[in-house]
Amino acid sequence: MCLAVPGRVLDIEDRDGTRMATVDFGGVVKEVCLEYLPDLRVGEYAIVHVGFALQRLDEESARQTLELFAELGMLQEEFGDAWEMAAAEAGVDPVEEVRK
Amino acid sequence: MKYIDEFQDPELARRLLDDIHATVTRPWALMEVCGGQTHSIIRHGIDQLLPKEVELIHGPGCPVCVTPLEVIDKALEIASRPEVIFCSFGDMLRVPGTGRDLFQVRGEGGDVRVVYSPLDALRIAQQNPDREVVFFGIGFETTAPPNAMTVHQARKLGIPNFSMLVSHVRVPPAIEAIMSSPSCRVQGFLAAGHVCSVMGVEEYPELAERFRVPIVVTGFEPLDILEGVRRAVRQLERGEHTVDNAYARAVRPEGNPAARAMLEDVFEATDRAWRGIGVIPDSGWRLSSKYRDHDAEHRFPVGGIRTAEPAECRSGEVLQGLLKPHECEAFGTLCTPRTPLGATMVSSEGACAAYYLYRRLDMPTTTAREASPVV
């Protein structure tokens, strides 16, 4: 949760007075708030944490970091199904648990 | 060099390692503050590639790990209430409170929901005006700005049924507490890169000077960590103790000024208990009085909850660098990710989880060092 993940801005829009973006994290696409990096542009990369862009990053650094986090399983931690993971850790049937 | 071929740039890794080997003349102990760094170190065997004189000690930088049991119990109490939709990041689900966790509360009928962003919880509050929506706001300086913005938005948009259970912690007071401990062995710090991407490096020179300890801002990739170690060791060998930024591509000296301004507005400093460690003065944030209406501790009767930490879990010593995970008697036997005694085993960024995940089959067992608490 504490790790921020680099992503690439796909598009930007103003939503209810808040600057929001669609961001691609190596294939996973999420809504991201740009209020802390208001001058970020489409095509640029930023370090994103829990739905907020926090700092700009160059493309090469972003790509390398994404590869590392994928390798460490951290993208799964960040974007995967938390209930399934928790069920697996608890040793209960994830399908049964998710059906609840 | 067991794992070096797995590095993105093995040649550069080898050059950095050669430089570290050539520089070191005596033993040094460095603490990596961030749990993400710990996982990268253990996964890539960086600690095993370094000269035997350089010891890496795991620090307290995992927000899930350091959230005190008492706060988990408050979360469980609030999440069990029928009028509440309790929203949390996924990695809090299996952190043990007293006797159960959020995952079990959901199994018992509690409306616990996992969100990716605190703004998702705010949206749930807008969509469910007849329910109380509570977001579990934990984390270091990286997570605090998103949570601060969410509370700010709740107030701005007038969403009365949204509140936050806040237990934020800050890195610099933790460094101060670690360095002030009589049993401290840390001689240099690899500071947490993403915390610094928000806060900048302005809080560190005073600490580096007062404790005469080098602080090198470091990223998470194996090469980042080797470079951080190289710079810290160079300083130590020269008798220097300055703040050095080895993660400049993501860390500006001033951090993120907009995020820092929002933190100032929404939060105020408070003493905070760290799980397994104890209370560290001024080490946390709580909502300022301006945002009291959105403070879950004011909205729900959880003020009386007081919980003592269990004695059998030694995660407090692990978090202070006084004990390596595998030196704990319960490691891998009584305590596993499926049956965690403490958060360091259950958190994806926890030091015990890193050892269990990557090293459980070849763990040597040694006798734990005598430890005295930080505070």
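Just give me the residues in region B:247-256 being more than 9 Å from every other protein chain (Cβ to nearest Cβ) and either among the polar types (S, T, N, Q) or surrounded by fewer than 22 Cβ atoms within 10 Å (Cβ to Cβ) (or both), in sequence order. Don't jump to the end; show me each part of the working.
Residues of region B:247-256 more than 9 Å from every other protein chain (Cβ to nearest Cβ): B:247-248, B:253-254.
Of everything in region B:247-256, those that are more than 9 Å from every other protein chain (Cβ to nearest Cβ) and either among the polar types (S, T, N, Q) or surrounded by fewer than 22 Cβ atoms within 10 Å (Cβ to Cβ) (or both) turn out to be B:248, B:253, B:254.
Could you please find all residues in region B:209-220 being open to solvent by less than 10 Å² (accessible area, probe 1.4 Å) and touching an Asp or Glu at 6+ places or on another chain (Cβ under 9 Å)?
Result: B:214, B:215, B:216, B:217, B:218, B:219.
How many residues are within 15 Å of the chain's Cα centre (by Cα) and either open to solvent by 10 Å² or more (accessible area, probe 1.4 Å) or more than 14 Å from chain A (Cβ to nearest Cβ) (or both) when one looks only at region B:178-191? Walk me through how you get there before you give the answer.
Of all residues in region B:178-191, those within 15 Å of the chain's Cα centre (by Cα) come to B:178, B:189-191.
Right, trim to either open to solvent by 10 Å² or more (accessible area, probe 1.4 Å) or more than 14 Å from chain A (Cβ to nearest Cβ) (or both) and you get B:178, B:189-190.
Number of matching residues: 3.
Specify which of the listed residues (A:42, A:95, A:28) is open to solvent by less than 70 Å² (accessible area, probe 1.4 Å) and either over 20 Å from residue B:193 (Cα atoms) or modelled with pLDDT under 95 (or both). Give the steps one after another, and end with the answer.
On the way: A:42 fails: open to solvent by less than 70 Å² (accessible area, probe 1.4 Å); A:95 fails: open to solvent by less than 70 Å² (accessible area, probe 1.4 Å).
Only one candidate passes the filter, namely A:28.
Please count how many residues of region B:93-106 are under 20 Å from residue B:297 (Cβ atoms) and touching a Leu at 6+ places or on another chain (Cβ under 6 Å).
Result for region B:93-106: 3.
Please go through region B:236-246 and pick out each residue that is more than 14 Å from chain A (Cβ to nearest Cβ), at negative phi and not aliphatic (A, V, I, L, M). Reasoning before the result, please.
So the first thing to find is which residues in region B:236-246 are more than 14 Å from chain A (Cβ to nearest Cβ), and the list is B:236-244.
Narrowing further to those that are at negative phi: B:236-238, B:240-244.
Hits for region B:236-246 are B:237, B:238, B:240, B:241, B:242, B:244.
Would you pick out the residues in region A:19-33 that are free of Cβ contacts under 8 Å to residues at least 24 places away in the same chain and within 12 Å of another protein chain (Cβ to nearest Cβ)? Reasoning before the result, please.
At the first step, the residues of region A:19-33 found to be free of Cβ contacts under 8 Å to residues at least 24 places away in the same chain are A:19-20, A:22, A:24, A:27, A:29, A:31, A:33.
Across region A:19-33, the qualifying residues are A:19, A:20, A:29, A:31, A:33.
Could you list, in sequence order, the residues of region A:52-84 that are farther than 27 Å from residue B:262 by Cβ and at the interface with chain B (Cβ under 7 Å from one of its Cβ atoms)?
Those that are farther than 27 Å from residue B:262 by Cβ and at the interface with chain B (Cβ under 7 Å from one of its Cβ atoms): A:64, A:68, A:72, A:83.
Show me the helices (runs of 4 or more DSSP H) entirely contained within region B:75-172 in which 1 or more residues are of a type outside the set (Ser, Thr, Tyr), away from every other protein chain (no Cβ under 12 Å) and open to solvent by less than 10 Å² (accessible area, probe 1.4 Å). Full working, then the answer.
Numbers: elements: B:102-107, B:118-127, B:144-157.
The qualifying helices (runs of 4 or more DSSP H) are B:118-127, B:144-157.
Can you tell me which of B:148, B:154, B:144 is of a type in the set (A, V, I, L, M, F, W, C), under 17 Å from the mean Cα position of the chain (by Cα) and on the phi < 0 side of the Ramachandran plot? I'd like the intermediate steps shown before the answer.
Details: B:148 fails: under 17 Å from the mean Cα position of the chain (by Cα); B:154 fails: under 17 Å from the mean Cα position of the chain (by Cα).
Answer to the selection: B:144.
Can you tell me which residue within region B:192-203, out of those that are within 19 Å of residue B:280 (Cβ to Cβ) and not in a helix (DSSP H, G or I), is farthest from the chain's Cα centre (by Cα)? Outline the logic, then answer.
Of the residues in region B:192-203, the ones within 19 Å of residue B:280 (Cβ to Cβ) are B:192, B:195, B:199, B:203.
Next, from what is left, pick out any that are not in a helix (DSSP H, G or I): B:192, B:203.
Details: B:192: 9, B:203: 17 Å.
Result: B:203.
Output the residues belonging to region B:258-271 that are open to solvent by 20 Å² or more (accessible area, probe 1.4 Å) and facing chain A (nearest Cβ under 9 Å).
Residues satisfying the conditions are B:258, B:262.
The values are calculated or read from the model by the stated rules, or taken from the named source; none is laboratory data. These figures come from a predicted structure and were not determined experimentally. All Cβ positions, glycine included, derive from the backbone under ideal geometry; neighbour counts span all protein chains shown. Remember, those area values only see protein heavy atoms, side chains included, never the ligands or the DNA or RNA. Shrake-Rupley method; radii C 1.70, N 1.55, O 1.52, S 1.80 Å.
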